[in-house]
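The values are calculated or read from the model by the stated rules, or taken from the named source; none is laboratory data. What you see is a predicted model, and the numbers here were worked out from it, not measured in a lab. No Cβ is skipped: glycine too gets one built from the backbone with ideal geometry, and neighbour counts run over all protein chains shown.
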Amino acid sequence: MISPEDYNRVKDKVITIDVRTKNEFEMLPHFDWAINIEFSEFISNYEHYLRLYNPDNKLIVTVCNAGNRSGQTSQFLKEKGIDALTLQGGIYNYKRKFK
């Protein structure tokens with residue numbers, strides 16, 4: 001897990017993947033710099049997306065509303081040997097701290 005404060009310091013140096021649905025991403029607060037790939041789609045095709053968006057093997061930070069799906073995603077990636085963290089408390093927590 002990465003705190004909102006730590007994420008704010010490194011957000012330009014990591015790959016941010018928002019695992020919410022396209023509708024959630026469009027309708028709810030989100031990060032303009034995040035790559036939106038729905039949770040189930042990302043899990044099913046993670047190797048493709050990593051080749052496409054993370055060829056340099058940067059740290060991946062997964063995000064969602066509150067941290068549930070993104071936590072599952074970062075755990076999945078860790079089990080595959082990939083450096084990944086989830087944003088603590090999700091986007092809502094981040095937006096409360098950094099408006």
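Checked against the criterion of being in contact with a strand residue (DSSP E or B) (Cβ under 9 Å, 6 or more places away or on another chain), farther than 18 Å from Ile82 by Cβ and crowded, with 18+ Cβ neighbours inside 10 Å, the range 40-62 has no qualifying residue. If you check Val14, Val19 for being surrounded by 12 or more Cβ atoms within 10 Å (Cβ to Cβ), under 18 Å from Glu79 (Cβ atoms) and in contact (Cβ under 8 Å) with a residue 12 or more places away in the chain, only one passes: Val19.
Among the residues making up the range 69-99, those that are polar (S, T, N, Q), in contact with a helix residue (DSSP H, G or I) (Cβ under 8 Å, 6 or more places away or on another chain) and either surrounded by fewer than 21 Cβ atoms within 10 Å (Cβ to Cβ) or not in a helix (DSSP H, G or I) (or both) are Gln72, Thr86, Gln88, Asn93. Of all residues in the range 33-57, those that are assigned to a loop (DSSP other than H, G, I, E, B) and either at pLDDT below 95 or among the polar types (S, T, N, Q) (or both) total 5.
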